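Colleague: The structure follows.
Just so it is clear, none of the values below were taken in a lab; they were calculated from the coordinates. Bear in mind the structure is a predicted one, so any value in this text is a computation, not a measurement. Using ideal geometry, Cβ is built from the backbone for each residue, glycine included, and neighbour counts are taken over all protein chains shown.
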Amino acid sequence: MKDNCYIPIPVKVARIRTESDDRTLRSFDLSFCDEREAFDFMPGQFCQLSILGKGEAPFGIASSPSEREFLRFTVNRVGLVTTALHYLEEGEIIGLRGPLGNHYPVEKFQGMNVVIIGGGFAFTTLRALAVYLFAHRQDYNNITIIYGARRPGLLLYQDELAEWEKKDDIQMHLTVDKEFPGWNRRIGFVPTVTKEVAPSPKDTWAVVCGPPVMIKFTLPVLFELGFPAERIYTSLERRMKCGVGKCGRCNIGPKYVCVDGPVFSYADLQRLPEHY
Ligand SMILES: Cc1cc2nc3c(=O)[nH]c(=O)nc-3n(C[C@H](O)[C@H](O)[C@H](O)COP(=O)(O)OP(=O)(O)OC[C@H]3O[C@@H](n4cnc5c(N)ncnc54)[C@H](O)[C@@H]3O)c2cc1C
Ligand code: FES
């Protein structure tokens, strides 16, 4: 990050890819205009992306630090900044501040099993985490990925998911809510699939990201299976402004999601005044 953390660095849109069949989700692979401004980061961190005249918004980094060639963000079009991002073309320059926030505790996961549970477009930083774990495969035991969406066309990174399914050293479970022509994987909600396929909680850490309703029903399943709150992690999305713990926009009780998070364990969240 720059000495002045409010000044964005210029980054070039190297590649744009439409992810979902309804075109509301797009991935942007960014490259640094000046390589000397490239930074180290960890899975789970986020950046503020800005477009002149439109504004700035936080997005989780969807690429892994092991992918040195680009920095990926996957953006759901919901309002002013996200729509402006969707109108970008390859070659255009935007602003970036980051990396911001904390990261998934991959150090604690070493030598343990990891189950990644995702729903919908919240799979962004989970992709970063999965690619990181693959790049350091020898440091981790069993890796299980459970990822669901309402329908196949809303699953992110479909080409990569197909490649991951071919790996024999991870367990992949893709699911959609209802039957769909051509879909030959699982059918069912993420919490139900989690109940069926989650590994034993012994020596296993769970990372869960998705829409609130998915989290709401997945957590009791994990608790029922025997996962302690200390070994279940998630990433929170609060409204943010500064991203560096100065403006007070993102606080939950005494914690600022932008600096103390966005990654929290459920044990941490249970100690806060407001949690899922
Ligand atoms: C740490 C973090 C990581 C995030 N990662 C991603 C990501 O990888 N991909 C992605 O698409 N989005 C992500 N978001 C959410 C993203 O920041 C918001 O969607 C974005 O700020 C909306 O900006 P906008 O100007 O387009 O919308 P606005 O015009 O400001 O608002 C449009 C609508 O979106 C709602 N909204 C705006 N911001 C948020 C928010 N933070 N949470 C919930 N609702 C909001 C508003 O209430 C309004 O209804 C992340 C947020 C945080 C805090
Ligand atoms: S966004 Fe300003 S304190 Fe978190």
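Colleague: Taking H placed 1.01 Å from N in the peptide plane, check which residues at least 5 places from residue 115 or on another chain put their amide H under 5 Å from its amide H.
Modeller: Amide H to amide H, under 5 Å and 5 or more residues apart or across chains, residue 115 pairs with 144, 205, 206, 207.
Colleague: Looking at the range 146-265 from every direction and averaging, what is the projected area of its Cα convex hull in nm²? All intermediate terms of the calculation are to be shown ahead of the outcome.
Modeller: Working: hull surface 36.7 nm².
Across all orientations, the range 146-265 yields a mean hull projection of 9.2 nm².
Colleague: Check which residues have an amide H placed less than 5 Å from residue 242's amide H, if you skip close sequence neighbours.
Modeller: The answer is 247, 249.
Colleague: From the P(r) of the range 54-152, could you give the percentage of C-alpha pairs in the tail past 21 Å? Display every interim value, and only then the final one.
Modeller: Values: 2089 of 4851 pairs.
Distances greater than 21 Å cover 43 percent of the Cα pairs.
Colleague: Suppose every K and R has +1 on its Cβ and every D and E has -1 on its Cβ; what is the size of the dipole of the chain about the Cα centre, in Debye to the nearest 20? Walk me through the numbers before you get to the answer.
Modeller: Working: 33 positive and 33 negative charges, 153 e Å.
Approximately 740 debye in magnitude.
Colleague: Now, a different point. Only loop residues by DSSP count here, and only those with at most 16 other Cβ atoms within 10 Å; note down the chymotrypsin sites (Phe, Trp or Tyr not before Pro) in the range 4-63 that meet that.
Modeller: Listed in order of number, the matching sites are 6, 39.
Colleague: Return the subset of 108/166; 195/255; 12/166; 216/255; 202/255 for which the Cα-Cα distance in this structure is over 24 Å, preserving the input order. Mind dumping the intermediate values first?
Modeller: Numbers: 108/166 27 Å; 195/255 32 Å; 12/166 33 Å; 216/255 22 Å; 202/255 30 Å.
Too far apart for the 24 Å limit: 108/166; 195/255; 12/166; 202/255.
Colleague: Follow-up question, since we're still on this one. Please go through the range 161-232 and write out the GluC sites (Glu not before Pro) that DSSP classes as loop and that have at most 12 other C-beta atoms within 10 Å.
Modeller: Working: sites: 163, 165, 179, 196, 224, 230; in loops: 179.
Listed in order of number, the matching sites are 179.
Colleague: While we're looking at this one, here's another question. Counting only residues 5 or more places away or on other chains, whose amide H sits under 5 Å from the amide H of residue 102 once H atoms are built in the peptide plane?
Modeller: 261, 263
Colleague: If the convex hull of the alpha-carbon atoms of the range 1-132 is projected onto planes in all directions, what is the mean projected area in square nanometres? Present the calculation step by step, with values, prior to reporting the outcome.
Modeller: Details: hull surface 33.8 nm².
Quarter of the Cα hull surface area: 8.5 nm².
Colleague: Using the Karplus equation 6.51 cos²θ - 1.76 cosθ + 1.60 (θ = phi - 60°), what ³J(HN,Hα) coupling, rounded to whole Hz, does each residue of the range 177-185 give in order, writing x for Gly and Pro?
Modeller: 5, 9, 4, 8, x, x, 7, 10, 9
Colleague: Quick check: convex hull over the Cα atoms of the chain, volume per residue in Å³, rounded to an integer? Before the final figure, lay out the partial values.
Modeller: Values: hull volume 35.5 nm³, N = 276.
In the chain, the Cα convex hull volume per residue is 129 Å³.
Colleague: With θ set to phi - 60°, apply the Karplus curve 6.51 cos²θ - 1.76 cosθ + 1.60 along the range 51-56 and write out the HN-Hα couplings as whole Hz, x wherever there is a Gly or Pro.
Modeller: Each residue's phi maps through the Karplus curve to give 10, 3, x, 10, x, 9 Hz.
Colleague: Counting other Cβ atoms within 10 Å, which trypsin sites (Lys or Arg not before Pro) in the range 207-245 have at most 12 and lie in a DSSP loop?
Modeller: Hits after loop and neighbour filter: 239.
Colleague: In whole Hz, with x marking every Gly and Pro, tabulate ³J(HN,Hα) for the range 244-258 from phi via Karplus 6.51 cos²θ - 1.76 cosθ + 1.60, θ = phi - 60°.
Modeller: Using θ = phi - 60°, the values come out as 10, x, 10, 8, x, 6, 10, 6, 10, x, x, 9, 9, 4, 6 Hz.
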